[in-house]
Each structure stands twice: as C-alpha cells, then as structure tokens.
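Asks: I have a structure I would like to understand better, so I am pasting it below and will then ask my questions one at a time.
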Amino acid sequence: MEFRPVGPAMRSLSSEMSGLSTPIERSGVEEGGFKQAKAQNPLMKMAYDVSNVNNRAEQSSMMFALGETDNIHRVIIDMEESLIATKMAVQVRNKAVEAYQEIMRMQV
C-alpha cells in the first residue's frame, strides 16, 4: 500500500472553501467589552478557554493533514485536550441547569 501526501489536495480545497465563508457580524459587541466581560465572568472565561483549546486542536490536525508537521503525538494530545475540555464544559453547564431547576422548584 502506498501513502501519498494529501497536502496539495487539502491546500486547494482550503483555498476553495475560504472563498465560501462570509464574515460574521459582531452585532455591536466591541472587542474590549468582550474581554472585560470575560475577565469578570468565570463562565465566559471557561467558554473562551474551551474555544481556544478546540481551535488549537483543529489547527494541529489541519497542519498534520497538510503535511506541515509530522508530530502525530502533539496532534493526538491536542485532540484529547479538546475532548476533555468540551466534556468538562458540558458537565459544568449540566450542573448549572440542574442548580437552576432546583432553585425554581423551591417554595417561596
């Protein structure tokens, strides 16, 4: 079985796909305002951190697919960190929803 690099094919696909994306409007949220909200709210900070970990894993796997790196260990570690961070974020969300539902069941 012969393995051929997929870098050239992925690069051409990536360039074709980049033309399809449209910029997302910011809906009035300023960058400084987001940073300030993130610093004040631990849940926003966690969401931002999870997003960064997911982006790093995606970038790492894309670099490997393009043949720009051959460090499969780093790719696997980044993917596992992304999975663990996402699972943790889901569990925190579940606990927050559970706490909210418990408060709503309380008699006042």
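Asks: Considering only residues of the stretch 90-108 that are under 23 Å from residue 46 (Cα atoms) and either in a loop (DSSP other than H, G, I, E, B) or basic (Lys, Arg) (or both), which is nearest to the chain's Cα centre (by Cα)?
Replies: Result: 93.
Matching residues to (1) among the β-branched types (Val, Ile, Thr); (2) in a helix (DSSP H, G or I):
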{"site": "46", "(1), (2)": "no, yes"}
{"site": "53", "(1), (2)": "yes, yes"}
{"site": "62", "(1), (2)": "no, yes"}
{"site": "68", "(1), (2)": "no, no"}
{"site": "73", "(1), (2)": "no, yes"}
{"site": "81", "(1), (2)": "no, yes"}
{"site": "85", "(1), (2)": "no, yes"}
{"site": "88", "(1), (2)": "no, yes"}
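Asks: Ok, one more. Using the structure shown, decide if residue 54 is surrounded by 12 or more Cβ atoms within 10 Å (Cβ to Cβ) and of a type in the set (S, T, N, Q).
Replies: When the stated conditions are applied, residue 54 passes them.
Laboratory data are not the source of any read-out in this text; all were calculated from the coordinates shown. None of these values were measured; they are calculated from a predicted model. All Cβ positions, even for glycine, are placed from backbone atoms using ideal geometry, and neighbour counts span all protein chains on display.
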